[in-house]
1. If we sort 55-68, 35-48 on the protection proxy, mean other Cβ atoms within 10 Å, highest first, what's the order?
2. Once both axes come from the Cα atoms, what is the angle between helix 2-19 and the longest principal axis of the chain, in degrees from 0 to 90, rounded to 10?
3. What is the spin-label model distance, in nm, from L31 to A46 if the labels are put 7 Å beyond Cα along the C-beta direction?
4. Using 1/(1 + (r/R0)^6) with R0 = 35 angstrom and r between the beta carbons of V14 and V39, what's the FRET efficiency to the nearest 0.05?
5. If each DSSP helix of 4+ residues adds -39,500 (n - 2.57) and the sum is divided by the residues in the chain, what number results at 222 nm, nearest 500 deg cm²/dmol?
6. If you rank L30, L15 by fewest surrounding Cβ atoms within 10 Å, what's the result?
7. Rounded to the nearest 20 debye, what is the charge dipole size of region 2-86 about its Cα centre when +1 sits on each Lys and Arg Cβ and -1 on each Asp and Glu Cβ?
8. Calculate the spin-label point distance for E65 paired with A53, positioning each point 7 Å from the Cα along the beta-carbon direction, and give it in nanometres.
Amino acid sequence: MNGSHSARFIAGTVLIASSFLVYLAYPIILLIMPFSGTVKVTMTFAVWALSWAVFSAGMFLTGPEGYRRFKAFWSRNKNGSAVNKTI
């Protein structure tokens, strides 16, 4: 059971990380693709929605452990940036 949980957590983490690849697709869609503006906006929205769907699936797969780690990471970064601004 522990190995299964570990594989699920790893799969979720990979999905979360891969959801950020959408930022690489934006310049390609907006600058390189030879389509009209409406089609480019539609494609950008579709890629954005897909990114959030993959991120959400990753969060689901990581489970409560992944949520706790993400929350701790987020609060650590948020507190760290606030400390750096006051110095």
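Laboratory data are not the source of any read-out in this text; all were calculated from the coordinates shown. On a predicted model such as this, the values are computed, not experimentally measured, just so you know. Here the Cβ positions follow ideal geometry from the backbone for every residue, glycine too, while neighbour counts run over all protein chains shown.
1. Working: 55-68: 14.9, 35-48: 12.4.
Answer by packing, highest mean first, reads 55-68, 35-48.
2. Once rounded, one gets 30 degrees.
3. Each label point lies 7 Å from its Cα, and together they span 2.2 nm.
4. On the way: r = 30 Å, r/R0 = 0.87.
Once the sixth-power term is evaluated, E becomes 0.70.
5. On the way: 3 runs with 74 residues, N = 87.
Helix contribution divided over all residues of the chain: -30000 deg cm²/dmol.
6. Values: L30 14, L15 19.
Listing L30, L15 from fewest to most nearby Cβ atoms yields L30, L15.
7. Values: 8 positive and 1 negative charges, 71 e Å.
Here the size comes out at about 340 debye.
8. In this crude label model, A53 to E65 measures out at 2.8 nm.
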